[in-house]
Each structure stands twice: as C-alpha cells, then as structure tokens.
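Presented below is the structure to which this report refers.
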Amino acid sequence: METLKNAVDFSDFPRIDLVIAGAVAFLFLIFPLFSASSFAMATMIQFFMFSLYGMGWNTIGGYGGQVDLGKAQYVGIGAYTTAVMLLRWDIPFWVSMPVGMGIAVIWSFIIGYPLFRLKGHYFAIATIATSLVLKDLFTVWSFVGAARGLEISPITYPPPDYMRLIFKEDIYYYYLILGFFFLGLLYMNWFRKSRLGFQLRCIKDNEDMARSLGINVHWAKIKTYAIATAFVSMVGSFHVCYIKVIEPVDIMSLDLSILIALMAMLGGAGSLWGPIIGAGVLIPLRSYLKEWLGAAAGLVGIDLIFYALIIMIVSAFEPRGIWGIVEKVRRRKRR
Amino acid sequence: MDLLLGSIAAGIVLGMVIALVALGLTIIFGVMEIVNFAHGEFLMVGMYTGLLTAQATGTDPIFTLPVAAIVGFLLGVICYAGFIKFLIRGPMVAQLLGTFGLMLFLRNLALLIFGSSDRTVHHGILVGKSFDIGMGIILPATKAAAAGLSVIAFLAVWLLMNRTKIGKALTATALNAQAARYMGIPTEKMNALAWGIGGGSVTVAGALIVNFWAVNPFMGLLFTMIAFTVVALGGFGSVPGAFFAGLVVGLIMEIPGFWDFFTYTFDWPWMADVPMTSLKYMWIYVAYFVITVIRPRGLFGWKH
C-alpha cells in the first residue's frame, strides 16, 4: 500500500511540471482520434518503446552513473524468447514476456557479477563486448533462426489476437504500449524514492563514501542492473510483436544500445522526465530525417550524420541534457 | 602440423599490423584518459585514403603511406581542437557518447560519399604474390610487407616517445598534466600532438591493411573492438604492451585455424559442426571481457 502511494505521488515536482505532464498525458490518450497518417502513429509507438528503454537505462546509467552500452542484448533476449515460444510452441505473449524477463534477469546476474568489478570505460566497453558476443552466438544458433532471424506471420494468427498480440491496426499497439508507458512511469517514480534509488545516487556521487555508509555497492549495482534488464526485455518482447521480424544484426546491434543510452542522456540522465524528453526529441527527428533526407532525397546516411552531430554537440556542450538546461534556468530564476 | 604452423604464422603477421592499429588508441588514452570510440573509423579513413590515392596516382597502396600519415595527423588534430577539447571538460558518460557520435559521423560520411559496397585493391606490385617458406607457411606478400612496415612504424613511434624531447613532454603530460604545465610544457599542444600521432599511426595501419582487407563504411567497429582488446591486454597507456598484446590478439583472431587443426588431428565429428568461421570475431570480445575482469591493469599497465 505504501509502495503504491509512493508510486502515484508526484508532489515533489513543481506544479507547472505536473500541469504540463498531465496535459501531455491527455494528448497521448486522445492522439489516435485525430491521427492523420500511419507514419505518425508508428513514430508515436516507437517513441513509447524507446522512452521505456530509456527509463530502464536510466536506473543504472542515470541514477547509478554506470554507463551501460549493452542494453541491446536484453532487447534481443526478450524479443527472441517471445518469438521462439510463439513460433515453436504457440505460447502467447502474456506468458512468454515474463519468461523472457526471467531469462534476461538470470543472464544479467551471470554477467553482472563479473561486470560490476569494472569501472568507468572498462565497464562500458565490457558491456559492449558481452552484447556483441551474444549477437554473434545468435547469428549462428539455428534454433533461433541463425542469421536469417525469425518472422511472425500474421496469416497464421488471424488478427486481432489479444493473447499473442497480433493486430492489423496500429491503434491496438498504441494503447497497449501507452499502458506499459504509464506503468513504467509509475514504477520509475517509485524507484527514485525507494531505498535502492537513494543508495544508487550515493554510489554515483562517491563510491567509497557509499561503502563507508554500509551500502553493499556491488550488490546494489547488480540489483539495479537486473531491474533495468527486466524493463528492457519486457519492451523487447513487445517490440517483436509489433515489428514481427527479428534479425540478430538488427535487434542486438550496438547502434540500438547507444540509441537507448543517448536518449536518456539527451533528455537528462538521472531525472524522471529525462528519457521521455530525450525520446520525444530524438525519435520523431530520426523518423522524419530518414523519411525526408534519406528516402526522399536518396542520400543514404545523411540522417545519421545530423544525428551524430546532435550527439557530439550535446555531449560536448550540455552533457546534463535538456533537463539540465531546464534546471539551470530555474536555479538562476530562484536567485 | 602444417595447418597449425600456418595459423600461428598468419596470426603473428596479422598481430603486427594490429599492434600498430592499437598504438594510437593507447597513446591517446595514456596522455589524456579518453577512450576514442572513433578509432576504427580513423582506420577506415586511412584505408580509403590509401585506396583512393593509389587509384588516383596508379601506384601501389604501399607508397601512399606518407599521404595517409598526413591525413591521419590532420584528422587527429582537427578532432582534438574542434571537438575533444570541449568534450573532456564533461563527465565520463558524455565523453563516451561524444566519441561515439564522432564514430557515427565519420561512418555515415563515408557511407554518403563512397556508398556501402566493399572496395578492394585490384592492382599493385604485391597483390597476388606470396612467399612459400615451407612447412605449410605461405605468406601473402601484401601481408608480409604490411607486417614489416608496421613494425618499422611502431619502432619509429616508440623512438619518438622515448628518445626525443617531444616524447618526454608527452610522457610528462601523461603522468601529471598539472605538474607538466608548471614545468613549462604546453600540455594543450601535447594533447593535440597525441591525437595527431594517434591518428597518423592508425591511418598508416589502415593504408597497410587495405592491401589485403576489403574496405566498407561499417568495418570500423570491429577494429575499434580489436584495438580496445589489445589495449586492455597490454595495459591502457603502455606502448610496448600494445605490441605484445597485438601479437596475442592476432593469434586470437586465428582461432578458426587452430580449430580446424584440432578437428583434423583428433577427428571428432562434433568439432566440425561448430560454425567457427562465423564466430571468428566473437573470441576478441570474449578475450576483452576475460582480460579486464581478471587483470584490469593489463600486462604492462601503469595506469588504470
């Protein structure tokens, strides 16, 4: 009960934030009513997925300060579990998603134990390495379709299928992921006020001090990593039901890992709204840049050049992200 | 037995080139503690430079090394002065993602300019020739030349770092930038120089590799990871460490060859079923993970 009260309690934010957040949430709810194009709809679904990925990353990367660049492996585990269980044994999404989360969390414990003995760049590169190892293994493992990947054919499962999440119209996916999004937001709101959340921020500021206060640093990091993993793997399961095709080079690529980290950082790592703002800026930008510059003008790669420039400018000049700018402006006003 | 010797020879020859690839990364890290994710992309720039210069002038890519060195030096200095200088003031997250942005930028610029297809060297005095040393060791002339020139370039950089005043100033900056500044060493210039040397050495390695390796805009990441593994094994910041670790990593990259040898020698059927050639690069990532967990300082590390 206490937990639930903590999760829905947003009262420590300024009222203006809550008004804006409420208005945006209302807009999200009614968005499909006047949705013009399916492209906009797809972009919105991607936005929700990536803000959930970003929230997951934010627990370990933002609050904990451990730069994890291997989140794609957990997207892959979640996605593959759902796809394999559906295609081989016809097990619906609502069963395979928790199973996928379980597998991902077990894997995160296995590699998290040695991983968190590392710090700084060593840790970041090691997460990339584990992710790439898993990708290479999935590329040759014929049980999961090897390099060709898997495809969920909507013909075998006539839509709308609420158990297996096979729909024809995007609107079903939209409301489903919106539900996940609100749940994730509430969870994150609880998390940042939980015991683990405070411990993590302490670890981020000064690890030795945290240890002297009696915090089990190693175990706190592993626990948080498992939480982040569960988040990411859950959305990974949804991801595969939505896009219906997975290939290891695509879903476990380093680019996806970086995108997740980048999104949280652009919005402002270590804040509740950060990943959402980051995804809200980057995902539409990416989709539309690709549509206008990449596809329409025939210039392959130019969208990613702009994208890279944004990354470079943000990390060089405003590493605390958009939310950092907002907070800076507020602090100046208060004086 | 021939198979085993051949694999070892190929691994060592490749390792010499890889050592040169990793040299730039370890110098940059040693001097200013920033991990350059765009390192493999620098290599790619070197490969394209070698290839295009060779095609434009009609010479062998071996003779384009000075051009590649100059391009790499300028690239490194420009990246430092225009971007890294601002980046190092921020936290580590920003540094990691910032150099990653640089990598994405260079990669997609190459994609935009050159397209996504593989390009290889078709002409040249060395292409297609090989030395048969005997005992199953057949060295392609391109690889042998690349290995020899890599060792020479490596030695040159090592001499520069250890036997000249500039090298001493670089080492001083690496050990303690603040104290170096008090001693009148322009640390800002030294940082730029470290990026220049790092960029120059890796583009030279690129111009050597292009003789026997196809170049496309996406090949950078693999070499970045290879370089990270070498540098982690040799110790971040250690120049001799990079050389020995390069040889070890070269042998790791030949694991499929060793696997074949054991498959034929012991004749176990299950070994032949493992798709080892597809898992060729996985062992590099595994090696990185194992090395950093077991010995984060590396073999010759003096800084971590």
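Listed values, structure above:
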| quantity | calculated |
| --- | --- |
| Residue match in the range A:73-96 (condition: touching a residue at least 40 places away in the same chain (Cβ under 8 Å) and within 14 Å of chain B (Cβ to nearest Cβ)) | yes |
| Qualifying positions in the range A:212-244 - assigned to a helix (DSSP H, G or I) and farther than 23 Å from A:I110 by Cα | A:S212, A:F238, A:H239, A:V240, A:C241, A:Y242, A:I243 |
| Of residues in the range B:211-234 being within 12 Å of chain A (Cβ to nearest Cβ) and of a type in the set (G, A, S), the one surrounded by the most Cβ atoms within 10 Å (Cβ to Cβ) | B:A232 |
| Any hit, the range A:248-265, residues being aliphatic (A, V, I, L, M), outside any loop (DSSP other than H, G, I, E, B), at pLDDT below 85 and more than 30 Å from A:Y80 (Cβ to Cβ) | no |
| Any hit, the range B:271-282, residues being over 14 Å from the mean Cα position of the chain (by Cα), within 12 Å of chain A (Cβ to nearest Cβ), outside any helix (DSSP H, G or I) and of a type in the set (V, I, T) | yes |
| Only listed residue being part of a helix (DSSP H, G or I), within 14 Å of another protein chain (Cβ to nearest Cβ) and not small (G, A, S), chosen from A:V133, A:V105 | A:V133 |
| Options B:N191, B:N162: the member that is more than 20 Å from the chain's Cα centre (by Cα), more than 22 Å from B:L52 (Cβ to Cβ), more than 14 Å from chain A (Cβ to nearest Cβ) and among the polar types (S, T, N, Q) | B:N162 |
| Odd one out for B:T64, checked against (1) modelled with pLDDT of 85 or more; (2) surrounded by 15 or more Cβ atoms within 10 Å (Cβ to Cβ) | (1) |
| Flag if A:V245 is more than 14 Å from every other protein chain (Cβ to nearest Cβ) and touching a strand residue (DSSP E or B) at 6+ places or on another chain (Cβ under 7 Å) | yes |
| Test result for A:Y113, crowded, with 20+ Cβ neighbours inside 10 Å, touching a helix residue (DSSP H, G or I) at 6+ places or on another chain (Cβ under 7 Å) and not in a strand (DSSP E or B) | no |
| Criterion (within 14 Å of another protein chain (Cβ to nearest Cβ) and in contact (Cβ under 8 Å) with a residue 24 or more places away in the chain) met by exactly one of A:G100, A:G61, A:G56 | A:G61 |
| Criterion: more than 25 Å from B:K143 (Cβ to Cβ), of a type outside the set (G, A, S), modelled with pLDDT of 80 or more and touching a helix residue (DSSP H, G or I) at 6+ places or on another chain (Cβ under 8 Å) - qualifying residue of B:I88, B:I78 | B:I88 |
| Subset of the range A:50-73 [under 14 Å from A:L115 (Cα atoms) and assigned to a loop (DSSP other than H, G, I, E, B)] | A:Q66, A:V67, A:D68, A:L69, A:G70, A:K71 |
| Qualifying positions in the range B:8-36 - over 16 Å from B:A144 (Cβ atoms) and in a helix (DSSP H, G or I) | B:V21, B:A22, B:L23, B:G24, B:L25, B:T26, B:I27, B:I28, B:F29, B:G30, B:V31, B:M32 |
| Among (1) of a type in the set (G, A, S); (2) out of contact with any helix residue (DSSP H, G or I) (no Cβ under 6 Å at 6 or more places or on another chain); (3) without any contact (Cβ under 8 Å) to a residue 24 or more places away in the chain; (4) surrounded by 15 or more Cβ atoms within 10 Å (Cβ to Cβ), the one test that A:G149 misses | (3) |
| Pick from the range A:116-130, criterion assigned to a loop (DSSP other than H, G, I, E, B) and not aliphatic (A, V, I, L, M), ranking: nearest to the other protein chains (Cβ to nearest Cβ) | A:R117 |
| Set A:A316, A:A269, A:A308: member being buried (at least 20 other Cβ atoms within 10 Å of the Cβ), assigned to a loop (DSSP other than H, G, I, E, B) and at the interface with another protein chain (Cβ under 8 Å from one of its Cβ atoms) | A:A269 |
| Members of the range B:47-101 that are within 14 Å of chain A (Cβ to nearest Cβ) and either in contact with a Pro (Cβ under 6 Å, 6 or more places away or on another chain) or more than 24 Å from B:F29 (Cβ to Cβ) (or both) | B:G90, B:P91, B:A94 |
| Selection within the range B:102-120 - in a loop (DSSP other than H, G, I, E, B) and either away from chain A (no Cβ under 13 Å) or of a type in the set (F, W, Y) (or both) | B:D118, B:T120 |
| The lone exception for B:W259 - which of (1) closer than 27 Å to B:L3 by Cβ; (2) within 20 Å of the chain's Cα centre (by Cα) it fails | (2) |
| Conditions (1) touching a Phe, Trp or Tyr at 6+ places or on another chain (Cβ under 7 Å); (2) within 14 Å of another protein chain (Cβ to nearest Cβ); number of the one not met by A:P159 | (2) |
| Subset of the range A:136-166 [among the aromatic types (F, W, Y), modelled with pLDDT of 75 or more and part of a loop (DSSP other than H, G, I, E, B)] | A:W141 |
| Leading residue by the ranking (surrounded by the fewest Cβ atoms within 10 Å (Cβ to Cβ)) among those in the range B:250-270 that are of a type outside the set (A, V, I, L, M, F, W, C) and within 22 Å of B:F223 (Cα to Cα) | B:P256 |
| The range B:121-171, residues that are part of a loop (DSSP other than H, G, I, E, B) and at pLDDT 85 or above | B:T164 |
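The values are calculated or read from the model by the stated rules, or taken from the named source; none is laboratory data. Values in this document were obtained by computation on a predicted structure and should not be read as measured data. Here the Cβ is made from the backbone with ideal geometry for all residues, glycine too, and neighbour counts use every protein chain on show.
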